[in-house]
Amino acid sequence: MGKYIDKEAFKVKVSSWVRIADNMLPPRTKATAGYLNSALASFEATKNGYDEAVLLNRNGFVCEGPGENIFLYKKGKLMTPPASDDILEGITRDLVMKLAEEELGIQCVEKSIARTELYNADEVFFSGTAMEVAPVVEVDDIKVADGKPGKVCLELKKLFADLTHGRNPKYMDALRPVYEK
Ligand SMILES: Cc1ncc(COP(=O)(O)O)c(C=O)c1O
């Protein structure tokens, strides 16, 4: 597929729509009905001039994008919301955590993230099959660090691209050929 959203760096807005909770309609499933919640958030963000939304969960913690997981990097620590914060446990999220640990020596902590942690992060980025690994450079009109894509994000973006294009023999198991070998 082509680019999911044709941007190199993303300016996002925390949505006024709240992410569906696990005891309403399990967000961990890619159920068509759940995407109405995502669509409302995306529509609100793009209509207001942002590239994408970030949804909080019902407890006010950072959850994810409408179709992508979210990571923060702060003072040498990588973090992402846990499954119990009503996220979809994306396969790209898993790979990003694995690549960070194995290739960059950075262990990712799964922890609840408050909204204002987004404003203070050194880096924020999305992960997802469609989005791949994509830097977030502004949240609610506030620049993330210097407002440029972060180093860790760009390293992970390259590692992920090499992996998905079969350029890294170490991770061939992560690929499923859809053509005859
Ligand atoms: C709500 C939501 N979160 C996260 C993701 C990322 O998941 P994956 O990495 O499996 O594509 C998706 C992908 O469709 C999604 O819809």
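Can you tell me how many residues in region 65-82 are assigned to a loop (DSSP other than H, G, I, E, B) and within 7 Å of the ligand (Cβ to nearest atom)?
Initially, region 65-82 is screened for residues assigned to a loop (DSSP other than H, G, I, E, B), giving 65-68, 75-76, 81-82.
Narrowing the set further to residues that are within 7 Å of the ligand (Cβ to nearest atom) leaves 65-68.
Going through region 65-82 one residue at a time, the tally reaches 4.
I'd like the full set of residues that are loosely packed, with under 12 Cβ neighbours inside 10 Å and touching a Ser or Thr at 6+ places or on another chain (Cβ under 8 Å), limited to region 3-45.
none
Here are some residues: ASN69, ASN48. Which one is within 14 Å of the chain's Cα centre (by Cα), among the polar types (S, T, N, Q) and closer than 25 Å to LYS143 by Cα? Let's see the steps before the verdict.
On the way: ASN48 fails: within 14 Å of the chain's Cα centre (by Cα).
Just one listed residue meets the conditions, ASN69.
Quick one: would you say PHE160 is within 16 Å of the ligand (Cβ to nearest atom), over 28 Å from MET24 (Cβ atoms) and not aliphatic (A, V, I, L, M)?
Numbers: within 16 Å of the ligand (Cβ to nearest atom): yes; over 28 Å from MET24 (Cβ atoms): yes; not aliphatic (A, V, I, L, M): yes.
Yes; evaluated as a whole, the condition is true for this residue.
Being open to solvent by 40 Å² or more (accessible area, probe 1.4 Å) and either in contact (Cβ under 8 Å) with a residue 40 or more places away in the chain or near the ligand (Cβ under 9 Å from one of its atoms) (or both) is the filter here; which residues of region 46-58 pass it?
The one that is open to solvent by 40 Å² or more (accessible area, probe 1.4 Å) and either in contact (Cβ under 8 Å) with a residue 40 or more places away in the chain or near the ligand (Cβ under 9 Å from one of its atoms) (or both): ARG58.
For the subset of region 120-164 comprising residues that are assigned to a helix (DSSP H, G or I) and surrounded by fewer than 16 Cβ atoms within 10 Å (Cβ to Cβ), which member is nearest to the chain's Cα centre (by Cα)? It would help to see each step written out before you state the result.
Here is the first cut: in region 120-164, the residues assigned to a helix (DSSP H, G or I) are 120, 151-164.
Now restrict to residues that are surrounded by fewer than 16 Cβ atoms within 10 Å (Cβ to Cβ): 120, 151, 154, 158, 161-162.
Values: ASN120: 17, LYS151: 16, LEU154: 14, LYS158: 15, ALA161: 15, ASP162: 18 Å.
It comes out as LEU154.
Can you spot a residue in region 90-113 that is in contact with a Lys or Arg (Cβ under 7 Å, 6 or more places away or on another chain) and within 13 Å of the ligand (Cβ to nearest atom)?
First, pick out the residues of region 90-113 that are in contact with a Lys or Arg (Cβ under 7 Å, 6 or more places away or on another chain): 109.
Then drop every residue that is not within 13 Å of the ligand (Cβ to nearest atom), which leaves none.
The answer is no, given that none of the residues of region 90-113 is in contact with a Lys or Arg (Cβ under 7 Å, 6 or more places away or on another chain) and within 13 Å of the ligand (Cβ to nearest atom).
The values are calculated or read from the model by the stated rules, or taken from the named source; none is laboratory data. The structure presented is a predicted model; accordingly, all values stated were derived computationally and were not measured. Cβ coordinates were reconstructed from backbone atoms using ideal geometry, including for glycine residues, and neighbour counts include every protein chain displayed. Side chains are part of the model used for accessible areas, which takes the heavy atoms of the whole protein and leaves out ligands, DNA and RNA. Shrake-Rupley method; radii C 1.70, N 1.55, O 1.52, S 1.80 Å.
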